[in-house]
Amino acid sequence: MNKINILFLCTGNSCRSQMAEGLARHLKANVINANSAGLEAHGLNPRAIRVMQEIGIDISGQSSKTIADLGKESFDNVITLCEHADEHCPIFPAKTKMLHCGFDDPPKLAQQYQTDEEKIECYRRVREEIREYILTLPESLP
């Protein structure tokens, strides 16, 4: 069976799309070839790395990249994970299926809290929401 090439796209490729890539590689490596990118490259978020390590997934070796950094790679599906990426998503070849599945931005959620433990909880919550979504793939794809 051929793997499905999926690109998880976010604004800065620092948190949500990185977690989605790591989760898909860990949970669905037999059916999904996972990649992530951003409209911009903001670098990996240290708290995203930490919450992924908590569940045994190391994303510290992944790199924050833009769509341009991916070159001519083609994707079966591009899944935008935030409203901004959905609204500003570039045009992909006609065979690429576009899908939006938005998740809250953990850094933005964490701004309202004072302690590191409260802040990290925001990342854990979004990580778990993304994990639940990844578990539905590829069956839930149109």
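The values are calculated or read from the model by the stated rules, or taken from the named source; none is laboratory data. These numbers were taken from a predicted model, which means no experiment stands behind them. As a convention, Cβ positions derive from the backbone with ideal geometry for all residues, glycine included, and neighbour counts pool all protein chains shown. Heads up: the accessible areas ignore ligands, DNA and RNA and are worked out on the full protein's heavy atoms, side chains in. Shrake-Rupley method; radii C 1.70, N 1.55, O 1.52, S 1.80 Å.
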For the residue pair residue 50 and residue 132, what label-to-label distance in nm results when each label sits 7 Å from Cα along the Cα-to-beta-carbon direction?
2.4
Tell me, what HN-Hα J-couplings in whole Hz come from the Karplus equation 6.51 cos²θ - 1.76 cosθ + 1.60 at θ = phi - 60° for each residue of segment 67-76, using x for Gly and Pro?
4, 4, 5, 7, x, 8, 4, 9, 10, 6
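Could you please state how large a percent of the accessible area of the chain is carbon and sulfur, counting protein chains only and using a 1.4 Å probe? Walk me through the numbers on the way to the answer.
Details: 3540 of 7120 Å².
The C+S portion of the solvent-accessible surface of the chain is 50 percent.
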Candidate cut points under trypsin sites (Lys or Arg not before Pro) in segment 81-142, DSSP loop plus at most 16 other Cβ atoms within 10 Å of their own Cβ, are 95
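Any number yet on Rg/Rh for the chain, C-alpha, Kirkwood?
Details: Rg = 14.3 Å, Rh = 15.1 Å.
Rg/Rh for the chain comes to 0.95.
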Counting heavy atoms of the protein chains only and a 1.4 Å probe, report the per residue accessible area for segment 1-61 as a whole number of Å².
40
Can you work out ³J(HN,Hα) from phi for every residue in segment 21-33, in order, using Karplus 6.51 cos²θ - 1.76 cosθ + 1.60 and θ = phi - 60°, giving whole Hz and x for Gly and Pro?
4, x, 5, 5, 5, 7, 8, 10, 4, 6, 10, 10, 9
When Rg is the radius of gyration of the Cα atoms in segment 1-84 and Rh is its Kirkwood radius, what does Rg/Rh come to?
0.95
Among 99, 29, 53, the residue whose Cα sits farthest towards the positive end of the charge dipole of the chain (+1 at Cβ of Lys and Arg, -1 at Cβ of Asp and Glu, taken about the Cα centre) is 29
What does the charge dipole of the chain about its Cα centre add up to, to the nearest 20 debye, if the Cβ of each Lys and Arg holds +1 and the Cβ of each Asp and Glu holds -1?
420
